[in-house]
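A short worksheet on the structure shown next.
The values are calculated or read from the model by the stated rules, or taken from the named source; none is laboratory data. Keep in mind it's a predicted model, so treat the numbers as computed, not measured. So basically every Cβ, Gly included, is an ideal-geometry build from the backbone, and we count neighbours across all protein chains shown. Ligands, DNA and RNA are excluded from the accessible area calculation, which covers all protein heavy atoms including side chains. Shrake-Rupley method; radii C 1.70, N 1.55, O 1.52, S 1.80 Å.
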Amino acid sequence: MRVKDRVAIITGSGRGIGAATAGRLAEEGAKVVVTDIRADACEATAAAIKASGGEAIAVPCNITERQSVEEMVQKAVDTFGRLDILVNNAGVIRDNLVHKMTDEDWDTVMNVHLKGSFYASQAAQRYMVPQRYGKIVNLSSTSALGNRGQLNYATAKAGLQGFTRTLAIELGKFNINVNAIAPGFIETDMTKATAERVGSDFEAFKRAAAERSLLGRTGKPIDIANAVLFLVSEESSFITGQVLYVRGGI
Ligand SMILES: NC(=O)c1ccc[n+]([C@@H]2O[C@H](COP(=O)([O-])OP(=O)(O)OC[C@H]3O[C@@H](n4cnc5c(N)ncnc54)[C@H](O)[C@@H]3O)[C@@H](O)[C@H]2O)c1
């Protein structure tokens, strides 16, 4: 029960890494707000948590719309009375080589990752600052280091690293820890979509990623959920402004 009675919002938790993180935090005693642009997916994640004995509510929200985000955060606080943890996980890819990348590809990725994390963090800190307690974890990516076909995504994920450090500087004195996790290849619908884009069979795509990893395997959503759990638990209370690469390698 490493996060017992802590109230946690996990954006984009309708599936993938977000859903695994919501489930993991709930297992460790958190009251979880499952939020995603897809209402049916939110309901499914929240229902699965409740079926396993956890506490969760589903609050659909489009992370790129300020009002939608503020209403979602308000709903979290109205339901559970406080807010302790925010995981900025919602994400999209619109991969294209630079000469083919459209304004829509660029703006969608920037808005979901950067504007979405800004809106959610700004709304969350209004509750975290007065209570002098908070944990924010942002999902960056190894793509921040550069990745062919992901000019928009790599830029957004590198941006989230600067966002993390700056938010840590501003919020540290209020006992709010802000860190980022940069996953490598994790088996989700997102990486399945990437395999399709490059015309590769998903199994072959996973094998190739596993061969590039030092540990000889690809990641699963639970690998990231466990790292998030560490960064929102008391065990990491002296860690802030850091980027933790969770990629089975250097
Ligand atoms: N899968 C990987 O290998 C990998 C690697 C590095 C980083 N990441 C990052 O981890 C996070 C989760 O990735 P995933 O693989 O689970 O992806 P996913 O596509 O399976 O899940 C992302 C979720 O975000 C939601 N979402 C998208 N736009 C939204 C919006 N406007 N408002 C609210 N919710 C929205 C989607 O509906 C979806 O449920 C993302 O930020 C992603 O960039 C993933």
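Checked against a 21 Å cut-off, the cross-linked pairs 4/173; 50/75; 135/157 give Cα-Cα distances beyond that limit for 4/173.
Projected label points at residue 50 and residue 214, each 7 Å from Cα along the beta carbon direction, are separated by 4.4 nanometres.
Here is the list for the range 1-68: trypsin sites (Lys or Arg not before Pro) lying in DSSP coil, each with at most 10 other C-beta atoms within 10 angstrom of its C-beta, are 4. Counting protein heavy atoms only, the chain has 52 percent of its accessible area on carbon and sulfur, 1.4 angstrom probe.
Tell me, what is the Rg over Rh of the chain, with Rh the Kirkwood radius over Cα pairs?
Numbers: Rg = 17.1 Å, Rh = 18.0 Å.
Rounded to two decimals, Rg over Rh is 0.95.
Once the 1.4 Å probe is applied to the protein heavy atoms, the range 102-154 comes out at 41 Å² accessible per residue.
Can you pull out the trypsin sites (Lys or Arg not before Pro) in the range 121-195 that DSSP calls coil and that have at most 15 other Cβ atoms within 10 Å?
For trypsin sites (Lys or Arg not before Pro) across the range 121-195 that sit outside H, G, I, E and B with at most 15 neighbouring Cβ atoms in 10 Å, the list reads 132, 148.
GNM on the chain, alpha-carbon springs under 10 angstrom: the most fluctuating residue among 214, 229, 114 is 214. Taking 172, 159, 53 as the candidate residues, the one with maximal mean-square fluctuation in a Gaussian network model of the chain, Cα springs under 10 Å, is 53. Taking 0.36 nm per residue of separation and subtracting the Cα-Cα distance, full extension of the segment from residue 75 to residue 97 would add 3.9 nm. Averaging the sequence gap over all C-alpha pairs within less than 8 Å and six or more residues apart, then dividing by the number of residues, gives the chain a relative contact order of 19 percent.
With a Förster radius of 22 Å applied to the beta-carbon distance between residue 108 and residue 189, the computed FRET efficiency rounds to 0.85. Dividing the helix sum by the residues of the chain, where each DSSP H run of 4 or more adds -39500 (n - 2.57), gives a mean residue ellipticity at 222 nm of -15000 deg cm²/dmol. Put a dot 7 Å past the Cα of residue 145, heading toward its Cβ, do the same for residue 132, and the two dots end up 4.0 nm apart. Taken about its Cα centre, the range 152-198 carries a charge dipole of roughly 160 debye when the Cβ of each Lys and Arg holds +1 and the Cβ of each Asp and Glu holds -1. Since only 32, 42, 64 are under comparison, the one whose Cα sits farthest along the positive direction of the charge dipole of the range 1-83, derived from C-beta charges on Lys, Arg, Asp and Glu, is 32.
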